[in-house]
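Everything on this sheet refers to the single structure shown next.
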């Protein structure tokens, strides 16, 4: 493959590929999860994708405490405690480039959360899936945050664009403007998350403020010629207050947009936190009721903003 991009990146890190997706763009799509994210949302359903580099995942129920992995760990990050449970020093483990411990785990208790893949190999998968999309389908890059690997994302999107494949990304917008700007000519759709309009509350929930996010949203609203859809992951008792929802409405009016997709909180990813030996901080937050969602939809629609709940997105 040839490219005029001086930053051509032939490989990237992904942690999943899902075919036959119908909720992340028009038609039936191939959903590609790129590793790495600039946020750390407490409700995140893909914690294994927060780091660009794959993380070691440990299924304690499968472990027979044989100790083979401990002896093979060149970084001395693994040990067995008195109860026969595996201890992982994550700070050391994250710096390992040769996870030989995996080859010694015969029960599949240890595995990596992602893997490196070339542009060519990924495009073979895309080309294979193309026959199943139908007329309106395509690919959607998600994560993690796909624009944290901008050169790799650019090469995939460029290749698809040149072959008349519909392209979309899902982004939190918390990346340098250059990362977004370079892929715009090769994008048809952008899904853009708004977590919270207040800087402090946003930082509390994600470990990052929202200034760059809002500025990129403004820039995209002016410069992107494709379909730009804003999304609000709805977390009760965090961002569902009338004050915050009205702030979202005011912001959409400011940038000239009149639709929002509400994504209700779910807890489907909580088991992954156990595999990463992390605490899931989203448990105290309840899934929003249907009545609550209807009330929010009417608030937006009464203010001239078309509102779609979950899978009701206007594809």
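Since every read-out is calculated from the coordinates, none of them should be taken as a lab result. Just so it is clear, the model here is predicted, and its values are computed rather than measured. Ideal geometry is used to build each Cβ from the backbone, glycine not excepted, and the neighbour counts take in all protein chains shown.
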query = Percent of alpha carbon pairs in the range 195-253 separated by more than 18 Å?
reply = 35
Cα long-axis angle, helix 242-255 against the chain (0 to 90 degrees, to the nearest 10) = 70
request  = Over the range 106-214, consider all pairs of different Cα atoms and compute the Kirkwood hydrodynamic radius from their mean reciprocal separation; express it in Å, one decimal.
outcome  = 15.7
task = Taking the Cβ of each residue in 113, 211 as the centre, tally the other Cβ atoms inside 10 Å and list the residues starting with the fewest.
result = 211, 113
ask   = Which three lengths, in whole Å and largest first, does the range 8-161 cover when its Cα atoms are put on their principal axes?
value = 58, 31, 30
message = Taking the 0 to 90 degree range and rounding to the nearest ten, how far is the long axis of helix 290-302 tilted relative to the main principal axis of the chain, both from C-alpha atoms?
response = 40
inquiry  = How would 292, 121 line up from fewest to most surrounding beta-carbon atoms within 10 angstrom?
reply    = 121, 292
request  = List 245, 214 from most exposed to least, where exposure is judged by having the fewest other Cβ atoms within 10 Å.
outcome  = 214, 245
Added length on full extension, which subtracts the Cα-Cα distance from 0.36 nm per residue, residue 131 to residue 246 = 37.1 nm
inquiry  = I want to check the label-to-label distance for residue 258 and residue 270. Put each point 7 Å from Cα in the C-beta direction and report it in nm to one decimal.
reply    = 4.1
inquiry  = Could you sort the peptides 150-158, 124-132 by per-residue average Cβ neighbour count (10 Å cutoff), highest mean leading?
reply    = 150-158, 124-132
inquiry  = Between 0 and 90 degrees, rounded to the nearest ten: what's the tilt of helix 211-223 against the longest Cα principal axis of the chain?
reply    = 50
message = Test of understanding: in a Gaussian network model of the chain with alpha carbons linked when under 10 Å, which of 107, 38, 171 would top the mean-square fluctuation ranking?
response = 107
Estimated distance in nm for a label pair at residue 91 and residue 295, the labels positioned 7 Å out from Cα along Cα-to-Cβ = 4.5
key: Mean Cα-pair separation over length for the chain, i.e. relative contact order, pairs under 8 Å, 6 or more apart, %   = 20
query = Between residue 45 and residue 124, what FRET efficiency comes out of the Förster formula 1/(1 + (r/R0)^6) with R0 = 25 Å and r the beta carbon distance, rounded to 0.05?
reply = 0.35
key: Mean Cα-pair separation over length for the range 56-112, i.e. relative contact order, pairs under 8 Å, 6 or more apart, %   = 49
task = Go through (i) 0.92; (ii) 1.06; (iii) 0.97 and flag the label whose value is the computed Cα Rg over 2.2 N^0.38 Å for this structure.
result = (ii)
task = Taking the Cα atoms of the range 150-222, report the difference between the largest and smallest coordinate on each principal axis, in whole Å and largest first.
result = 43, 23, 18
task = Using every pair of alpha-carbon atoms in the range 56-112, split the distances into 5 Å bins beginning at 0 and state the percent of pairs per bin, rounded to integers.
result = 4, 21, 36, 27, 10, 1
request  = Just order 77-86, 159-168, 22-31 by mean Cβ neighbour count inside 10 Å, highest at the front, would you?
outcome  = 22-31, 159-168, 77-86
note = Here the averaged projected area of the range 213-315, based on the convex hull of its alpha-carbon atoms and given in nm², is 7.9
query = Just for the chain, what percent of DSSP beta bridges are antiparallel, to the closest 5?
reply = 35
ask   = In whole percent, what relative contact order does the range 200-315 give with Cα contacts below 8 Å and a gap of six or more residues?
value = 27
